[in-house]
Amino acid sequence: MMKNQISYTFQNNIPIIAETDVLVVGGGPGGFGAGVMAAKQGVKVVLAERYGAPGGMATFGEVTPFMPNHTEKQSMDKPVFTAWRKRMWEYFSSQEKEEHPFNSEELAPYLSKDIAILAMEDLLLEAGVKIFYHHTLFDVKKENGKITEAIFHSKSGLCAIRAKIFIDATGDGDLAALAGCEVETGNDEGLCQPMTTCFKIDHIDPAGKPSWEGINAIYKKCKEEGKIDCLRQSILGFNTLHNDSLHFNTTRVVKKNATDGVELSEAEIEGRKEVRKFIAFLRENVPGFENARLQSLAHHIGVRESRRIRGIVYQTSEDFFNRAKYDDGIARINYPIDIHNPAGGGTVMKYMERSQWYEIRYGTLVPLKSENLLMGCRAISLDHALHSSARIMPAVCSFGQAAGMAAAMCVKENVVPASLDGKKVREALKNEGAFL
Ligand SMILES: Cc1cc2nc3c(=O)[nH]c(=O)nc-3n(C[C@H](O)[C@H](O)[C@H](O)COP(=O)(O)OP(=O)(O)OC[C@H]3O[C@@H](n4cnc5c(N)ncnc54)[C@H](O)[C@@H]3O)c2cc1C
């Protein structure tokens, strides 16, 4: 696959702002997991993020709740994800703590985007990660197949960061694509899952509002009567920590490419058009919503799917159906296959029993063609259907922590990711408390 932008010849005067062992680009659930785990291994870690805070979709995308990825008895995403949840809980008010006591194995999914930011930043800084916010990756320099520098744009203009090992945690696989790695996009027709602008509504009357089923019955009727024209077949929403507030994951923007700047901008406008329609629909038609107010709106449209790299291992949905286990497995997942229709209404769901899981292999984090690059985000080497199950925040945090562990091992052993033994990465993760 060709680099997806015009090529430049750089002068050698781009200032180097940092030299490090490991550079993580992107501070979403994946980059957070990568940064914390790599730094815990005692190597020098820098994390560069285009926005002014960590969290990615969890914060700027207003995505909530954490989708369940656990057996009947325990979370499958340890230790970084559970540490994140614990630190968030510590920021709860006394009343919230009383109403929602913390239990690391408990499945309570609540997520507040603002305390998610504080908790992630705490843990990154405590682990010793040097953070550069407001730095957007836009190119890489390579020598003899290896990335030598990642080039960023910031308020100061262009700058570069040198590293031994690079981790792509951009969600979209920007770093891998810029490094010339092979990528694929979407389903067989190249269409990705829809984008969604998430929002929260509060000032709802908890006693007067219908259940989710009731809200959906009203939505269906209004759709039939032509009072609302949105693609989703039903409203997808979730309770929040507070009983006068609900979260909506229900707008749907299809057939736009999140890695095309113009299309992404168009998607933001389209997504917010739907938000306006939904707020009006709720206020005008649903009891209890008469005084409802927009509490919070995503600052970045939610991107479920974009590029996925081709790695030295490629896993498909067969592994979901076979509950496949591997001796180089670095994360476990039992979240369903969950494909929001890339072309219109409807969602395909295929479930797995709670006592079972499949495993993601180390090689899915290792791009075929870049010597010192690892993937620590949703853009790993899976097919469209398996990606739909693996993309949830707890699991992505675990891919990140595995990439962070592998990067630290590469630095210490002076090897490249492709020659690292995945079984040893698994063992090292187990020693840190991973559920493997
Ligand atoms: C609408 C929607 C609903 C979802 N619902 C749920 C849910 O309910 N529960 C759940 O668990 N999961 C859910 N998911 C999935 C989950 O949110 C994502 O798959 C997950 O956040 C991916 O994590 P990531 O770290 O790979 O990428 P992201 O969260 O996208 O983070 C990527 C980070 O990299 C940064 N970045 C990107 N490009 C650059 C660049 N060029 N330079 C510098 N920094 C860059 C971004 O700013 C961001 O901080 C949902 C996703 C969407 C879109």
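The numbers here are math on the coordinates, done by the rules we state, and not lab data. Quantities reported herein were computed from a predicted structural model and do not represent experimental measurements. So basically every Cβ, Gly included, is an ideal-geometry build from the backbone, and we count neighbours across all protein chains shown.
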Report summary line: The alpha-carbon center of segment 65-94 and that of segment 342-399 are separated, in whole Å, by 19 Å
Query raised in the report: segment 299-355: D in µm²/s via Stokes-Einstein (Kirkwood Rh, Cα pairs, 10 °C, 1.306 mPa s)?
Result: 113 µm²/s
Requested in this report: With springs connecting C-alpha atoms under 10 Å apart, model the chain as a Gaussian network and identify which of Q233, Q74, Q95 has the largest mean-square fluctuation.
Outcome: Q95
**Report entry** Charge sum, other residues only, whose C-beta stays under 11 Å from Q41's C-beta, Lys/Arg counted +1 and Asp/Glu -1
**Finding:** +1
Report summary line: The percentage of Cα-Cα pairs in segment 222-328 separated by more than 20 Å is 57 percent
Query raised in the report: What helices in the chain pass both tests, a Cα length along the helix axis of 27 Å or more and a mean Kyte hydropathy of -0.5 or higher, using whole DSSP H runs?
Result: 393-413
Report task. Provide the packing ranking of 58-66, 114-122, i.e. peptides ordered by the mean count of other C-beta atoms within 10 Å per residue, highest first. Result -> 58-66, 114-122
Query raised in the report: How fast does the chain diffuse by Stokes-Einstein, in µm²/s, taking the Kirkwood radius from C-alpha pairs at 4 °C and 1.567 mPa s?
Result: 59 µm²/s
Requested in this report: Using just the alpha carbons, could you tell me how many Å³ per residue the convex hull of segment 22-149 encloses?
Outcome: 120 Å³
Requested in this report: Enumerate the calculated ³J(HN,Hα) couplings along segment 231-237 in order (Karplus 6.51 cos²θ - 1.76 cosθ + 1.60, θ = phi - 60°), each rounded to whole Hz, writing x wherever the residue is Gly or Pro.
Outcome: 5, 5, 6, 8, 7, 9, x
Query raised in the report: Which percent of Cα-Cα pairs in segment 283-436 sits in each 10 Å bin, short to long?
Result: 10, 36, 29, 15, 7, 3, 0
Query raised in the report: For segment 197-220 and segment 16-59, what is the separation of their C-alpha centers, rounded to whole Å?
Result: 37 Å
Query raised in the report: How would you rank 171-180, 204-213, highest first, on the average number of other Cβ atoms within 10 Å across their residues?
Result: 171-180, 204-213
Requested in this report: Give the Rg/Rh ratio for segment 94-212, taking Rg as the radius of gyration of the Cα atoms and Rh as the Kirkwood radius, to two decimals.
Outcome: 1.09
